[in-house]
Amino acid sequence: MGQGNTAAYTVVPEGSITTPKGFKAGGLHCGLKKTTRHDLGAIVCEVPAAAAGVYTTNVFQAAPIAVTRESIGAGGVLRAVIVNSGNANACTGKQGDADAYEMRSQFAEAIGVPAQQVAVASTGVIGETLKMDRVRSGIAELPAKLAANSQAGDDFCQAILTTDLVKKEVCVQVIIDGKPIHIAGASKGSGMIHPNMATMLGFVTTDAVIGSQALQTLLRQVTDLTFNMITVDGDTSTNDMLVAMASGLADNRELNISHPDYEAFSAALRYVCEVLAKAIARDGEGATKLVEVQVRGAESDAAAQAIAKTVIGSSLVKSAIFGADANWGRIIAAVGRAGQPVNPETVDIRLGDIVTLEQSRPISFDEEAALEYLKGDTVVIYVDLHMAEGSATAWGCDLTYDYVRINAAYRT
């Protein structure tokens, strides 16, 4: 699958998760959070939507993961997803399982759809049971909050946030069979970010006609190039989940790999997921900078991915970026410990346009210029191994004092 091509799609500046035909959303505060921020939200499709999902690889998987797997596995369709923040419903035993299933059945009844067509997601503190009296009250009120407008989309985005400072959403339009179709996404994530599936919580809607199996295959491919290429702190959450729903109301010919516009749809979906992934990295807890690592010349794309994620995940590299210290030694050390083939005589490293290492030999560079570059809010690290054609890009953030402050008191 090729790089996203902006010629294949156009960004819809005012678009939201409700822009694709057939979708409504909403959110409200039911009392799970100590603040008055929204903490319960939902996306609902007016027709059965082809559905796909990818999930955390953490051994300790939160109760909603099992419920959503079961729902999508029952027939590959969803009518809705209900999400709460403020409580992860993870490591909560049989009571947690029962609560997740109750959330599914209660919301299904509230909107008049089969329970097996509702997905459930949760995010927040691990190890505490849900205050189900508050969840039930919220579910009873939620249908009245659902709407197909940008404000309702914003309410949903707000309802899924935890330590996030900003909402994360994007919408694009792409032409399929001469018809305009939309793909929109919303996500949350700020800490405990080291996905090996998708993102912390992510939701994609589209009105394209595409089967659940084709959507699942494409979602997995796109996830590997976007959400799986970000890291904030090296911790993979118990609750990571990405769910995609396709209403099919755009009335195009069904998309599959042989469709002439499949690559255009694929590029648009990848763009949506990349925007959300980068937004999560930029909003990392305590972060002041978005850091991008581009690796080229590796033996394979998989090798390049492993090296890029090792560099972006290095606490020493992240600390140096925070301090605006052009310490390329930390970068080369991370490259060398990534467990991938590297020729120690042929590595180049650049910080933006500033060359610091060429053919594995130090290059004299302007320290003041490097300092000014590293003070910016976006830092790009280029690594060229000069071995083969493998390439990859990863995203992360700097490591700051505030990261420790936020996570030292997460529960309180």
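G41 falls short on exactly one of the conditions (1) open to solvent by 30 Å² or more (accessible area, probe 1.4 Å); (2) of a type outside the set (D, E, K, R); (3) modelled with pLDDT of 95 or more, and that condition is (1).
Condition check: over 21 Å from the mean Cα position of the chain (by Cα), outside any strand (DSSP E or B) and farther than 18 Å from N228 by Cα. Does A303 satisfy that?
On the way: over 21 Å from the mean Cα position of the chain (by Cα): yes; outside any strand (DSSP E or B): yes; farther than 18 Å from N228 by Cα: no.
Here the answer is no, as A303 does not meet what is asked.
Is it the case that T36 is at pLDDT below 95, closer than 19 Å to M245 by Cα, surrounded by fewer than 24 Cβ atoms within 10 Å (Cβ to Cβ) and of a type outside the set (K, R)? In short, no.
Taking the criterion of being touching a strand residue (DSSP E or B) at 6+ places or on another chain (Cβ under 6 Å) and open to solvent by 10 Å² or more (accessible area, probe 1.4 Å), the residues of the range 54-73 that qualify are Y55, I72.
This table checks each residue for (1) in contact with a Phe, Trp or Tyr (Cβ under 9 Å, 6 or more places away or on another chain); (2) closer than 21 Å to I210 by Cβ; (3) without any contact (Cβ under 8 Å) to a residue 40 or more places away in the chain.
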position: V44; (1), (2), (3): yes, yes, no
position: V81; (1), (2), (3): yes, yes, no
position: D97; (1), (2), (3): no, no, yes
position: A110; (1), (2), (3): no, no, yes
position: T123; (1), (2), (3): no, no, no
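When residues in the range 329-360 are screened for being assigned to a loop (DSSP other than H, G, I, E, B), among the hydrophobic types (A, V, I, L, M, F, W, C) and open to solvent by less than 30 Å² (accessible area, probe 1.4 Å), 2 of them pass. Considering the range 99-126, the residues that are open to solvent by less than 50 Å² (accessible area, probe 1.4 Å) and more than 22 Å from A51 (Cα to Cα) include one that is farthest from the chain's Cα centre (by Cα), namely D99. The one condition from (1) on the phi > 0 side of the Ramachandran plot; (2) touching a strand residue (DSSP E or B) at 6+ places or on another chain (Cβ under 6 Å); (3) open to solvent by 10 Å² or more (accessible area, probe 1.4 Å); (4) not charged (D, E, K, R) that G93 does not meet is (2). When A326, A392 are checked against the criterion of being assigned to a loop (DSSP other than H, G, I, E, B) and open to solvent by less than 70 Å² (accessible area, probe 1.4 Å), A326 stands alone in meeting it.
Could you look through the range 309-323, keep only residues that are touching a helix residue (DSSP H, G or I) at 6+ places or on another chain (Cβ under 7 Å) and assigned to a helix (DSSP H, G or I), and pick out the one that is most open to solvent (accessible area, probe 1.4 Å)?
Checked the range 309-323; the qualifying residue most open to solvent (accessible area, probe 1.4 Å) is L316.
The values are calculated or read from the model by the stated rules, or taken from the named source; none is laboratory data. Note that the coordinates shown come from a computational prediction; the quantities given were computed from them, not determined experimentally. Backbone-built Cβ (ideal geometry, glycine too); neighbour counts: all protein chains shown. When the accessible area is computed, the model is the full protein with side chains, heavy atoms only, and any ligands, DNA or RNA have been set aside. Shrake-Rupley method; radii C 1.70, N 1.55, O 1.52, S 1.80 Å.
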